[in-house]
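J.: I have a structure I would like to understand better, so I am pasting it below and will then ask my questions one at a time.
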Amino acid sequence: MNSGAKERVLSGIQPTHESFHLGNYLGAIKQWVDLQNSNDAFYCVVDLHALTVETKPEDFRRRTLSSVAQLIALGLNPEKCTLFIQSHVPAHNQLAWVLECLTGFGEASRMTQFKDKSQKAGSDRTVVGLFTYPILQAADILLYQANKVPVGEDQRQHIELTRDLGQRFNSKFGETFTIPEGYILKAGAKINDLQDPTAKMSKSSASASGVIELMDSPEINTKKIKSAVTDTGRDVIFDEKEKPGVSNLLTIYSALTGKTIAQSQEDFTGKGYGDFKGAVAEVVVDYLNPVREKANELLEDETHLKKLLSIGAEKAEAVASKTLSDTYKALGMISRA
Ligand code: TRP
């Protein structure tokens, strides 16, 4: 159990793309940055989870390091939080096996993300790792005795499974795991696609032009914002139903400037969509420029980056191996002499 003075936070993100997008940042990573200040926070780049997506080794390698660099550039401070790569701590796989032996086949089959993905791909092209994915995620969380797990709404069911498995283990084998709470991020930070503003900004979006990538050049991002879909009418008004496009841009503007939606809307009274989009583009580019530069700078010195990761892995391992050995002991497994 976590008996430290601070609350333990854990979250993970998959290194499946060259760049995180603005929705990842405003929807999740920004909260990670805030939470590192007053919590004992563990953040991992979940490369094992990403193996469920087929990727060329050289792309996978680059994306993993780039994800770490972007997280640091966005404000995760390795001196304040524990930042590490999941596969550096083998206890994740080890605990996952134990939890797999406590999970019903039907229970795992009911995970909606699995159902969606496997239905799309067909069962012969669905890997077993996708089926056990949520159980590995449960292991990520339970290993660190996390109290809070900051995630998006789409992860709610996986957190429920984690709680169920933790409770099941505790009641069968004695108190071993802290039962975590999902810290589901508020709707305010939900960023939508620029071309389809009723859908979430997502890596799997139909068109790349609706997604602001953090590592893209200022020119590309300016262009994307200037060609964002806006709505009929001329006024810059926040109205998610009638004006989803304008509202999405106002949400982005407000999140990056720290102004409220009302203040943001006021900035554009009497102005047209053209001026409005220009201003949003400027705010986005000014915000992302230093982030991209910092990430690229970190990527140039791989030795240093790997050093930071090895410090993170060591801190993570200390906590994880204690939980794993408590787990084995509770199960009656014989420790090696
Ligand atoms: N499944 C999560 C996602 O796609 C990523 C993840 C893996 C995660 N392990 C985790 C999130 C542990 C929170 C905690 O977003």
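J.: So what is the diffusion coefficient of the range 182-337 in µm² per second by Stokes-Einstein at 20 °C and 1.002 mPa s, using a Kirkwood Rh over Cα pairs?
T.: Value of D from the Cα-based Kirkwood radius: 114 µm²/s.
J.: Now for a separate question. Where in the range 53-75 does the label zone of A208 land, with the point 7 angstrom along Cα→C-beta and an amide N cut-off under 15 Å?
T.: Under cut-off, by backbone N: nothing.
J.: Of the residues L194, L305, L143, which exhibits the maximal mean-square fluctuation in a Gaussian network model of the chain defined by a 10 Å Cα contact cut-off?
T.: L305
J.: Please compute the Cα-Cα pair-distance distribution of the range 44-200 with 10 Å bins starting at 0, giving whole percents from short to long.
T.: 9, 32, 40, 17, 2, 0
J.: Quick one: which residues, 5 or more positions from T82 or on another chain, have an amide H under 5 Å from its amide H? H modelled 1.01 Å from N in the peptide plane, none for Pro or chain starts.
T.: A41, F42, Y43
J.: Starting from the alpha-carbon convex hull of the range 1-118, give the projected area averaged over all orientations, in nm². Write down the numbers at each step before the final one.
T.: Values: hull surface 35.5 nm².
Across all orientations, the range 1-118 yields a mean hull projection of 8.9 nm².
J.: Out of K224, K271, K30, any idea which swings most in a Gaussian network model of the chain, alpha carbons joined below 10 Å?
T.: In the Gaussian network model the winner is K271.
J.: Still on this structure, please answer the following. With the Cα gyration tensor of the range 110-197 in hand, give its eigenvalues times 5 under a square root as the equivalent ellipsoid semi-axes, listed largest first in whole angstrom.
T.: Working: eigenvalues 141, 85, 14 Å².
Equivalent ellipsoid of the range 110-197: 27, 21, 9 Å, largest first.
J.: Starting from the amide H of D239, placed 1.01 Å from N in the peptide plane, find each other amide H under 5 Å away whose residue is 5 or more places distant or on another chain.
T.: S247
J.: While we're looking at this one, here's another question. Mind checking the alpha-carbon convex hull of the chain and giving the volume per residue in Å³?
T.: Value for the chain: 150 Å³ per residue.
J.: Quick one: accessible area per residue over the chain, 1.4 Å probe, rounded to a whole number of Å²?
T.: 49 Å²
J.: Once you treat every alpha carbon in the range 165-245 as an equal point and sum by Debye, what is log10 I(q)/I(0) at q = 0.18 Å⁻¹?
T.: So the normalised log intensities work out to -0.81.
J.: Now for a separate question. With r as the distance between the Cβ atoms of D239 and D34 and R0 = 22 Å, compute the FRET efficiency 1/(1 + (r/R0)^6) and round to 0.05.
T.: Efficiency, rounded to the nearest 0.05: 0.20.
J.: Right, another one. Check every DSSP H run in the chain and write down those whose alpha carbon atoms cover 15 angstrom or more along the long axis and whose mean Kyte-Doolittle hydropathy is 0.0 or greater.
T.: 128-143, 244-257
J.: Ok, one more. How big, on average over all directions, is the shadow cast by the Cα convex hull of the range 78-161, in nm²?
T.: Working: hull surface 26.2 nm².
Reported value for the Cα convex hull: 6.5 nm².
J.: Work out, step by step, the length gained on full extension between A318 and H304: first 0.36 nm times the residue separation, then minus their alpha carbon distance; give nm to one decimal. Please list the in-between numbers first.
T.: Values: separation 14, 0.36 × 14 = 5.04 nm, distance 2.17 nm.
That pair, A318 and H304, stretches by 2.9 nm at full extension.
J.: Compute a Gaussian network model of the chain, connecting alpha carbons closer than 10 Å, and tell me which residue from G166, G23, G174 fluctuates the most.
T.: Between G166, G23, G174, it is G174 that shows the largest mean-square fluctuation.
J.: Pull up all non-local amide H partners of I212: gap of 5 or more, or a different chain, and H-to-H distance under 5 Å with H placed in the peptide plane.
T.: Under 5 Å from the amide H of I212: L22, G23.
J.: Now, a different point. Give the lysines whose C-alpha is closer than 29 Å to that of K322, dropping any in the same chain fewer than 8 places away, or say none.
T.: Output for K322: K6, K80, K148, K172, K306, K307.
J.: Report Rg(Cα)/(2.2 N^0.38 Å) for the range 67-123, keeping two decimals.
T.: In units of the globular-protein estimate, the range 67-123 measures up at 1.65.
J.: What translational diffusion coefficient, in µm²/s and rounded to a whole number, does the Stokes-Einstein relation yield for the range 4-64 at 37 °C and a viscosity of 0.692 mPa s, taking the hydrodynamic radius as the Kirkwood radius over Cα pairs?
T.: The estimated diffusion coefficient comes to 255 µm²/s.
J.: Between beta-carbons, use under 15 Å as the cut-off and find the net charge around S335, counting Lys and Arg +1, Asp and Glu -1.
T.: That works out to +2.
J.: Can you give me the Cα centroid spacing of the range 1-65 and the range 153-209 in angstrom?
T.: One Cα centre to the other: 13 Å.
J.: With both bridge residues required to lie in the chain, what share of the DSSP beta bridges run antiparallel, to the nearest 5%?
T.: Details: 3 of 18 bridges.
Restricted to the chain, the bridges split so that about 15 percent are antiparallel.
The values are calculated or read from the model by the stated rules, or taken from the named source; none is laboratory data. Model, not experiment: these values are computed from the prediction. Please note: Cβ atoms are built from the backbone with ideal geometry, for glycine as well, and neighbour counts cover all protein chains shown. Note: accessible area is taken over every heavy atom of the protein model, side chains too, but ligands, DNA and RNA are not part of it. Shrake-Rupley method; radii C 1.70, N 1.55, O 1.52, S 1.80 Å.
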